[in-house]
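Working notes for the structure below.
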There are 6 protein chains.
Amino acid sequence: MRILLINPNTSVAMTERMVASAHANLAPDVELVPITAEEGVPYIASRAEAQVAGTTTLELIARHQQGMDAVVIAAFGDPGLIPARELFDLPITAMAEAAMFTACMLGPRFSIITFSHALTAWYEDAVALSGLQPRCASVRVPRATFRSVHDVQDELEGDLVALACRTVEEDKADVVLLAGAPLTGLAARIADRVPVPLVDPLDAAIGQATLLARLRTRPASAGRFARPGPKPAVGLTPALAAWIEHRSEAADRSVPPARQEAS
Amino acid sequence: MRILLINPNTSVAMTERMVASAHANLAPDVELVPITAEEGVPYIASRAEAQVAGTTTLELIARHQQGMDAVVIAAFGDPGLIPARELFDLPITAMAEAAMFTACMLGPRFSIITFSHALTAWYEDAVALSGLQPRCASVRVPRATFRSVHDVQDELEGDLVALACRTVEEDKADVVLLAGAPLTGLAARIADRVPVPLVDPLDAAIGQATLLARLRTRPASAGRFARPGPKPAVGLTPALAAWIEHRSEAADRSVPPARQEAS
Amino acid sequence: MRILLINPNTSVAMTERMVASAHANLAPDVELVPITAEEGVPYIASRAEAQVAGTTTLELIARHQQGMDAVVIAAFGDPGLIPARELFDLPITAMAEAAMFTACMLGPRFSIITFSHALTAWYEDAVALSGLQPRCASVRVPRATFRSVHDVQDELEGDLVALACRTVEEDKADVVLLAGAPLTGLAARIADRVPVPLVDPLDAAIGQATLLARLRTRPASAGRFARPGPKPAVGLTPALAAWIEHRSEAADRSVPPARQEAS
Amino acid sequence: MRILLINPNTSVAMTERMVASAHANLAPDVELVPITAEEGVPYIASRAEAQVAGTTTLELIARHQQGMDAVVIAAFGDPGLIPARELFDLPITAMAEAAMFTACMLGPRFSIITFSHALTAWYEDAVALSGLQPRCASVRVPRATFRSVHDVQDELEGDLVALACRTVEEDKADVVLLAGAPLTGLAARIADRVPVPLVDPLDAAIGQATLLARLRTRPASAGRFARPGPKPAVGLTPALAAWIEHRSEAADRSVPPARQEAS
Amino acid sequence: MRILLINPNTSVAMTERMVASAHANLAPDVELVPITAEEGVPYIASRAEAQVAGTTTLELIARHQQGMDAVVIAAFGDPGLIPARELFDLPITAMAEAAMFTACMLGPRFSIITFSHALTAWYEDAVALSGLQPRCASVRVPRATFRSVHDVQDELEGDLVALACRTVEEDKADVVLLAGAPLTGLAARIADRVPVPLVDPLDAAIGQATLLARLRTRPASAGRFARPGPKPAVGLTPALAAWIEHRSEAADRSVPPARQEAS
Amino acid sequence: MRILLINPNTSVAMTERMVASAHANLAPDVELVPITAEEGVPYIASRAEAQVAGTTTLELIARHQQGMDAVVIAAFGDPGLIPARELFDLPITAMAEAAMFTACMLGPRFSIITFSHALTAWYEDAVALSGLQPRCASVRVPRATFRSVHDVQDELEGDLVALACRTVEEDKADVVLLAGAPLTGLAARIADRVPVPLVDPLDAAIGQATLLARLRTRPASAGRFARPGPKPAVGLTPALAAWIEHRSEAADRSVPPARQEAS
């Protein structure tokens, strides 16, 4: 099974770290195909940047979907997730949603902790989008600042452990999500210092994508995720324009390539 | 007072019709400055298209905000509204949100009626985003089809009147919104055939933008709509990149030009 | 355009202050017609007083609606708002509802701050009535007490600024409403000391009434705000009894005077 | 135990019918003290009328509370209930709220059926006020019309039975409330023709008032129902003004007369 | 009227204390018939124990329902309440639900205080089940520990009073529930030290059962609480198996014995 | 990886069918260990039966958890799920919850269809417990009846296909869940006749259990799912009593056997 892992940030180093971290918990038959955005910002940290990144995500899926069984949008905040599900026919997951649904099977209420205040409004939007607000105990950030996004999980390790423990004590969290691609892999390292389960959102997103691909459900031809009809479009990348105009190859098949291969 | 009216669809004819329609209900001191998107689709009808249009909206505001007192995003569905509010410092309204808040002052529950099934999932998202789901009685579409988006309000006039009446009877709507830019101006024409108030979303959006500009509130420097710090960005249009990187002129002022002028 | 401004408190001084404050942000074509209650309490501060004031509000609208384009109920807490909308045919706004809807276009979550603990339960009811509870971050009051309702905005200015800043920091408010007629006009004075937009509820209520009047929507003849049929009534003021019994002049017209004039 | 039964409608015949009906299910130690409003309308059927009746209710409680153990507001829609609880120190119940809470112990979801469309918006408000909207399956009215409010339960008996059965079948109601004072006593007569429990709101309201009086809880001196401090008031009835100004006898005692007697 | 009081804990001493306490507020025509569980744990303090106790509760009702007018499940947390209502035909109440509905008639928001952290997750579930989460201000426990469940209300009296006062101050509770069978009777003793009404859940549950029995509503033969059809069952106690298989005497009657007697 | 598959119904034939069906979508490294209840009913179809089955589920997990990596409760309705998660230390999933969370990644709103009206109240409870009510479009049952639970998916195949299509059309479902263990395996057979994705709840539950086991999160030692302290218990099966009393082997380890093996 091949899973397209899209990093909508422009940092290749972050993509590499995510792939390395993901391998520890992969099912034996899963192969990750990582792609890094070439346009946008090194690290998405606002809703304006997420708006731009959502469009980039659609472009990358259009370009690379051929031969894939599922897609993972590897940014917590899930840029482009709903439009992508509407537009494309393969299963698509993203880090925030997958982490939240997974967390709900580990405890009644979860908290999301991350490393920068700039991120919290965007993450709150992701909670609202999922419909899980009643199960979200808090979205929190440590007071300490950091120098480099790339090293933030080392720089703030102690602060994040302390904050995770505080969410359990003060916010009554039963599970804690370590949110933001730069925290990928931290959960395993600090699990024994926090008294509740920690969810690594990348592991959750890849796990859920694997699960959806195994279900081999058909793409919707009715309802809110039915693929829109062909539409002329100006100013988009060739692959996205071709897909939106129903000119690309996959569009001629009732079932997309990845899924036929899977059956 | 100058209000930037952004049509994120690429249809200039639609922009012209909206401007003509808006003039009937404008405050005497308001001047509209209309802009039409040059990239995207002629008429946004899916969430994928709205994703793309949201980015276009940010680009157009970045390019044209200088000298404006407020912005109206002239598409029901409000592409880019939240990112735009976070990113820019002037008051910004959009058709769906403005129409819904306005409707809530005219009746306890509103229905949204439009002309194509393709639009309803996107409009439902706009309802959810506003937090007004408990006040939304229904989102409905007539069974009849139409030939041209440009003439749809004439082609379906009778069907839309009948549907509006049915939402009052069956869904217990107390106000009806005629949603979608192509229905702009229809409300005034059919008001006497529907037993509850009809809201024209463009009038509502311009009215609310006028109101916000008159309040002359300061832009947020804290909270969820505080402008993000400067960030290097790749692949964006020059005006948007300059604004995101805090390089454009307006960025050097604590209060944006339009508002200084207003005080 | 003529807007009837009803102060359901018996304090004429407060009416005068509100009118003075409102003039700064009025549209050029709007004329305010202020009326002060002659029965009730000098300043409504409980739900029992609001119950009484709601009836007074209906009486005042019945008496003064002739020739008006819209009505503003100038008390935060909105006494009589829903009954008035059901009973009368002109657009009616009130301070709490208008301030909340306006605030929602300036930030995702708002806080309400006021000057006396006695008011908070009443204000919470207004939040619930609007359906905006999920967007209300808090309703708060400074610890300090005051001597005179008339001077409270001066006496507590520093405390209210500090409290507004605390709601941003502690409650994550993105907009702050300065609630209660005695705080009218304060927003403009302290805006530069609070890092998020401040909403003046009177400006919002007059602005929304102006907007609704401009829309020239028809009164509902069906649904929850359709005018009730004639009913014999005992013990009411003559104007209210006449209107409830459909004996007053306006009742003979399908469209009330103010709206005919506007068209 | 003495329970003050306030009919905020001006119909004495209805009061008599309610008292007669209530006696069938009264606890052996309960005495009802019925009072009929002298001002207002014969039968409240709009929110404007309920606004007026709420003030009347406060006046009647102020005048007759001496020596009572609890108060029942005998109108479905509960005019003045929240202000009355804030203002007075005895337990107070009302027909809509009491019927809904009682119904929730008889089935997961309830429907409210009544006899006139004019009433439904008011009854929906009562559902919202209780916070029980998620448990309300529907608020419905038969299509048939009636001649006399006084005889409506006989005229529409068959229609109401059929409607109750339809709410079970179509709306999945598990309990049905027969709402509106004119339907008092109907539940017992038609119970064997409807397959789920029927709640008589007057029985529920008296039963809950009896229960609250037996609990002998203290009146709140803090929180949302703490009695407001003394306030000068103009234009109210003497008893209500005296109570609001803390001039009446009961105001000098920390615990009101009825409750001292009970302990 | 005979009310079956089921203590699903195995502590006979607790049953005796509850019966003694209940007598102070009983209607003159009510007789309590107490039963103590013989299997399970001395004091239920987890959801796993509540799961087991729920089955025990069904067994005890099956065995002892004959001749009863109503049932009270005398444990806060309400083990088996919903299944019991579905399975049996008499009115059934339980301490958490009854206390919450009762509290809602005494104040807008209630807090639940109890004596052990182990209990709070279970109590939160009871709040969620009732649908009253928006009216629950908090579920809290004092920091102090105790030696004996039997004496806990004496050991922690001061702490519980202080905590009740804190919920009023900090959580804005308007009513406080003293939750957990071991706190039965405490409310009366400390009422004068807490500024809002205190609800004793056992009094509430018996009062509500009394009220429901007086209403003499018919058991549901349709909807979510209609008795399931006969079913073969293995491994249950004889009385429960007989009832589930519709073999026991009461099953042959359309109305159960207690209710016939009552009519 | 070993997953304990608990069928809380007493039908061995159903267990066998579930195991056969599950093998089609299993990850290559997963081994199922099926167990069938020996006490209870052949097919759970009421909340009373689910109450009894929940206790049986706890007993079966206590008896068979040794050496397992995760548990699946193989009944839609999830008997004992929350108590089991609180009591035991391995990941536990169940059919309703897993199917709903999975469905939410395939479409905005899901419908649940099943084969008997007796089941719907229980399934609605499962929806409420998950917190996903806003995303549930409907819970529906075909009108047709069936002879044998064992053959129901064949008998009603056409009716279930038609009903699934109707939920898409009438209820606006974007995903359909085929609920109830007897429908296991049907989704794959009818997928091409329904225009939206169909979720097989058993596949979802096993997939989610596999995912959770791969995450290797630690069991909670704080919060709502922390294992309760030791407690004396009377009348339980030996394995459950031993686990509740912390006497069984696994209780002596801070991390349960299955998870040590996994690390």
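Each value in this text was obtained by applying a stated rule to the coordinates, not by laboratory testing. Computed from a predicted model, the values in this text were never measured in an experiment. Heads up, the Cβs are rebuilt from the backbone with ideal geometry, glycines too, and the neighbour counts pull from every protein chain shown.
An oblate overall shape is assigned to the range F:31-136, the ratio a/c of its alpha-carbon gyration tensor axes (a ≥ b ≥ c) being 1.5 or greater and a/b not exceeding b/c. For the protein assembly as shown, lysine pairs with C-alpha atoms less than 28 angstrom apart, excluding pairs fewer than eight positions apart on the same chain, total 12. Of all beta bridges that DSSP places with both ends in the protein assembly as shown, some 5 percent have antiparallel geometry.
The alpha carbon centroids of the range D:44-94 and the range A:127-170 are separated by 50 Å.
For E:Leu5, the residues whose modelled amide H falls within less than 5 Å of its own, excluding neighbours fewer than 5 places apart on the same chain, are E:Val33, E:Ile35, E:Val72.
Rounded, prolate or oblate: which one fits chain B, using the alpha carbon gyration tensor with axes a ≥ b ≥ c (rounded when a/c is under 1.5, else prolate when a/b beats b/c, else oblate)? Walk me through the intermediate numbers first.
On the way: a/c = 1.90, a/b = 1.69, b/c = 1.12.
Judged from the Cα gyration tensor, chain B comes out prolate (a/c at least 1.5, a/b above b/c).
Remark: relative contact order (chain E) = 22 percent; criterion is Cα-Cα distance under 8 angstrom and separation of 6 or more residues.
What is the magnitude of the charge dipole of the protein assembly as shown about its Cα centre, with +1 placed on the Cβ of each Lys and Arg, -1 on the Cβ of each Asp and Glu, and no other charges, expressed in debye to the nearest 20?
Details: 138 positive and 180 negative charges, 1 e Å.
Computed charge dipole of the protein assembly as shown: roughly 0 debye.
Extending 7 Å from the Cα toward the beta-carbon at both E:Gln66 and E:Glu16 defines two label points whose distance is 2.8 nm.
With contributions of -39500 (n - 2.57) from each DSSP H run of at least four residues, the per-residue ellipticity at 222 nm computed over chain E stands at -12000 deg cm²/dmol. Applying 1/(1 + (r/R0)^6) with r as the Cβ-Cβ distance of A:Val234 and C:Ala162 and R0 = 45 angstrom yields a FRET efficiency of 0.30. For D:Asp192, the point set 7 Å out from Cα toward Cβ sits 5.4, 5.8, 5.8, 7.4, 8.2 nm from its twins in the other copies, listed from shortest up.
Could you check which residue among D:Pro42, D:Pro83, D:Pro232 shows the biggest mean-square fluctuation in a GNM of chain D with a 10 Å Cα cutoff? So, out of D:Pro42, D:Pro83, D:Pro232, the one fluctuating most is D:Pro232. Which residue fluctuates most in the GNM of chain A (Cα springs below 10 Å): A:Gly107, A:Gly185, A:Gly223? Between A:Gly107, A:Gly185, A:Gly223, it is A:Gly223 that shows the largest mean-square fluctuation.
Take the Cα of F:Arg189, go 7 Å toward its beta carbon, and the backbone nitrogen atoms of the range F:83-113 under 20 Å from that spot belong to F:112-113.
Taken residue by residue and averaged, Cβ atoms of other chains lying within 10 Å of the Cβ of C:91-104 number 3.
Taking 25 °C and 0.890 mPa s as conditions, the protein assembly as shown diffuses translationally at an estimated 72 µm²/s according to Stokes-Einstein applied to its Kirkwood radius (Cα pairs). Of B:Phe101, B:Phe115, B:Phe76, the residue with the greatest mean-square motion in the GNM of chain B, using alpha carbon springs below 10 Å, is B:Phe101.
Need the full-extension length gain, A:His117 to A:Gln133, defined as separation in residues times 0.36 nm minus the C-alpha distance. One decimal, nm.
Numbers: separation 16, 0.36 × 16 = 5.76 nm, distance 1.91 nm.
Stretched fully, the A:His117-A:Gln133 segment lengthens by 3.9 nm.
The Cβ shell under 10 Å around C:Ala94 holds other residues with a net charge of -1, Lys and Arg each +1, Asp and Glu each -1. This model, with +1 at the C-beta of Lys and Arg and -1 at the C-beta of Asp and Glu, gives the range E:97-200 a dipole about its Cα centre of some 180 debye. Among the residues of E:197-204, the average count of other protein chain beta-carbon atoms within 10 Å of the residue beta-carbon is 3.
As an exercise, use a Förster radius of 60 Å and the Cβ-Cβ distance of F:His23 and B:Glu245 to find the FRET efficiency, rounded to the nearest 0.05. Could the numbers behind the result be given before it?
Details: r = 56 Å, r/R0 = 0.93.
The calculated FRET efficiency here is 0.60.
Length available on full extension from D:Glu31 to D:His150: 0.36 nm per residue minus the Cα-Cα distance, which gives 40.3 nm. Comment: the Cα-to-Cβ extended label point of E:Ala20, at 7 Å, lies 4.9, 6.3, 6.9, 6.9, 8.8 nm from its counterparts in the other copies, nearest first. Charged neighbours of C:Arg143, selected by a Cβ distance under 12 Å, balance to +1 (K, R count +1; D, E count -1). The Cβ shell under 13 Å around E:Pro42 holds other residues with a net charge of -3, Lys and Arg each +1, Asp and Glu each -1.
Mean separation of Cα pairs under 8 Å and 6 or more residues apart, divided by the residue count, gives the range D:97-200 a relative contact order of 35 percent.
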